[in-house]
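Have a look at the structure below before the remarks.
The values are calculated or read from the model by the stated rules, or taken from the named source; none is laboratory data. Just so we're clear, the structure is a prediction, and the values are computed from it rather than from any experiment. Ideal geometry is used to build each Cβ from the backbone, glycine not excepted, and the neighbour counts take in all protein chains shown. Note: areas computed on protein heavy atoms with side chains; ligands, DNA, RNA excluded. Shrake-Rupley method; radii C 1.70, N 1.55, O 1.52, S 1.80 Å.
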Amino acid sequence: MRKHFATAVIGLGASLGIIGCGDFLTGPKLSDNPNRPVAATNANLLVASQTNLAGVIEGHLGRTICIWNQQCAGTRLQYASLGQYIVGDDDYFIAWSQIYGPGGLVDLRLLQRQALATGDSAYAGVAKVLEAWYIGLAADAWGDIPYSQAVDSTFPTPVLDPQDQVYAALQVKLDEAIASMNASNPGGSPPGIEDLVYGGDLTKWTALAYTLKARYYLHTAERLGAPAYAGALAAATSGIADTSGDYLAFHSAASIQSNNLYSQFTTQWQDYLSAGKALLDLLQSTADPRLSLYFDPNASGAFVGADPGEDIGVSPSPLSAIRLDPSFLQPLATWAENLLIIAEAANQAGDDLTARANLDAVRADAGLGPVGGGVSGAALLQAIMTEKYIRLFQNPETWSDYRRTCLPALVPAPGSTFIPARLGYPLSERNANTSIADPGPLQNWNDPNPCP
């Protein structure tokens, strides 16, 4: 069954999900599946979790956000429908199960137990960073979610923790991770080459933890205001310091390690995902050099973007060969994002000098000139959020940015009055977990003021 957000969610919430079993929320069952090993090493679990994280962010959940935020356009069959906010009852259970199941929270909790059993606080700290990232993604998309009782066999129907409590718990989790990774005697055998991104560099993992802390403070700012922005600013000051600390999803030309977009959109789903008109027009209007990094010209040699739900007949530009390269390393958390967090938080605190300096550093890295000393206040915030919208192409974080600031101004698909602000709980999980009584409200706690 497929439903249209503009009509299905008013008053009752969205109805999304899949028919199936959500038992992974009650705890790991590694021995139940003959296709999974009875015992997994710390290295096995870390590789699985890092690979799975990229799958969540690059997969259907990430592509949905790219389409709804009009960076991308769905231009064929079900992807064109997705641009009109028509979703199926089974569309997002895979993302839910990736976050909570094997490769996600189940394995990360096992990794922490195994690491701490041998006194390896460094490995445990890395696992806690990844746990916070996974659960943050879930809280961003679904609002209230199982967390305090999740993957615990003593709670067969884990309750939904309020979104604000989840974000608060993630701040504690990340503080624990930072302390654990930086213990004077971490013991054990910390990650090495099995760490696909940082190679076991705990300084980089610590900086990532601070950037994630800054993210989650921002995600509460529409509700909490100045204290949230102050928290974001303080955390980002210790966040990713340069591009060498960027967390880039590991990919290679090998088929089992290829970029998700390559595997999905170069062989079987060609023309399903194209350039979003909002982003492409923005790049063209400012002669932004990133236009050719993100998109290729269409068959006529022109750069053309598609509006939400627009038919393939518009001949939109495809994603660039760079983005569709099987070994493209998708940016998931970066120095640029960290600086733009500082810029937004400083602007909201009235420190436009700091805000401009950080925005200009990101612009310079992209080959652009400074924003200009006369730009301040609301105009500067718009410049910051516009740059973040461009820089974080295909990153789910742009959804949180839009819901918080309503920038850049986006026009919903024809026939709709709003861009979807949350996902409904998967039907399969509601069937398995009686603590989830219905698909959920229209808005999340951290988004009290819907964008017009």
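Just so you know, the Rg over Rh for region 74-147 is 1.17, from Cα atoms, with Rh as the Kirkwood radius. Placing +1 on each Lys and Arg Cβ and -1 on each Asp and Glu Cβ, with no other charges, gives the chain a dipole about its Cα centre of roughly 180 debye. Here region 347-452 is treated as a Stokes sphere of Kirkwood radius computed over C-alpha pairs; at 25 °C and 0.890 mPa s its diffusion coefficient rounds to 151 µm²/s. Alpha carbon centre of region 427-452 versus region 83-115: separation in Å? What the calculation gives is 16 Å, centre to centre. Of the residues His60, His219, ranked by 1.4 Å probe accessible area with the largest first, the sequence reads His60, His219.
Computed about its Cα centre, the charge dipole of region 299-452 is approximately 60 debye, with only Lys, Arg, Asp and Glu carrying charge at their Cβ. Taking amide hydrogens as placed 1.01 Å from N in the peptide plane, the amide H of Ile86 sits under 5 Å from those of Phe5, each at least 5 positions away in sequence or on another chain.
Taking a straight Cα-Cα cut-off under 17 Å and skipping sequence neighbours fewer than 8 places away in the same chain, the aspartates and glutamates within cross-link reach of Lys277 are Asp288, Asp296, Asp307, Glu310, Asp311, Glu387. Using the Karplus relation 6.51 cos²θ - 1.76 cosθ + 1.60 with θ = phi - 60°, the per-residue 3J(HN,Hα) values for region 210-219 come to 5, 5, 5, 4, 4, 3, 6, 5, 4, 5 Hz, with x marking Gly and Pro. Averaging the sequence gap over all C-alpha pairs within less than 8 Å and six or more residues apart, then dividing by the number of residues, gives region 70-214 a relative contact order of 23 percent.
Leu77 contributes about 110 Å² of solvent-accessible surface, heavy atoms of the protein only, 1.4 Å probe. Couplings 3J(HN,Hα) of region 114-129, computed from phi: 5, 5, 5, 5, 10, x, 8, 6, 5, 5, 4, x, 4, 4, 5, 4 Hz, in residue order, whole Hz [Karplus 6.51 cos²θ - 1.76 cosθ + 1.60, θ = phi - 60°; x for Gly and Pro].
Rounded to two decimals, the Cα-based Rg/Rh of region 373-413, with Kirkwood Rh, is 1.00.
For region 282-353, the relative contact order is 23 percent, taking Cα pairs closer than 8 Å that sit 6 or more residues apart in sequence and dividing their mean separation by the residue count. Accessible surface area normalised per residue over the chain is 37 Å², counting heavy atoms of protein chains with a 1.4 Å rolling probe. What the phi angles of region 144-158 give under the Karplus curve with 6.51, -1.76 and 1.60, with θ = phi - 60°, is a coupling list of 5, 9, x, 8, 4, 10, 5, 6, 10, 5, 7, 10, x, 10, x Hz, glycine and proline written as x. In terms of the Cα gyration tensor, with a ≥ b ≥ c the square roots of its eigenvalues, is region 91-248 rounded because a/c is under 1.5, prolate because a/b exceeds b/c, or oblate? Here region 91-248 falls in the oblate category.
Applying 1/(1 + (r/R0)^6) with R0 = 22 Å to the Cβ-Cβ distance of Leu77 and Ser315 gives a FRET efficiency near 0.85.
Normalised by the number of residues in the chain, the mean separation of alpha-carbon contacts (under 8 Å, six or more apart) gives a relative contact order of 25 percent. What shape does the chain have by the C-alpha gyration tensor, where a ≥ b ≥ c are the square roots of the eigenvalues, rounded means a/c under 1.5, and otherwise prolate means a/b greater than b/c and oblate the rest? Judged from the Cα gyration tensor, the chain comes out rounded (a/c under 1.5).
For region 140-229, the square roots a ≥ b ≥ c of the C-alpha gyration tensor eigenvalues yield an a/c of 1.5 or more together with a/b not exceeding b/c, which makes the shape oblate.
Close amide-amide hydrogen proximity is noted between Leu273 and Thr75, each under 5 Å apart and 5 or more residues distant or on a separate chain (H modeled in the peptide plane; Pro and chain starts excluded).
So how far, in whole Å, is the C-alpha centre of region 337-391 from the one of region 119-178? Taking the Cα centre of each part, region 337-391 and region 119-178 sit 31 Å apart.
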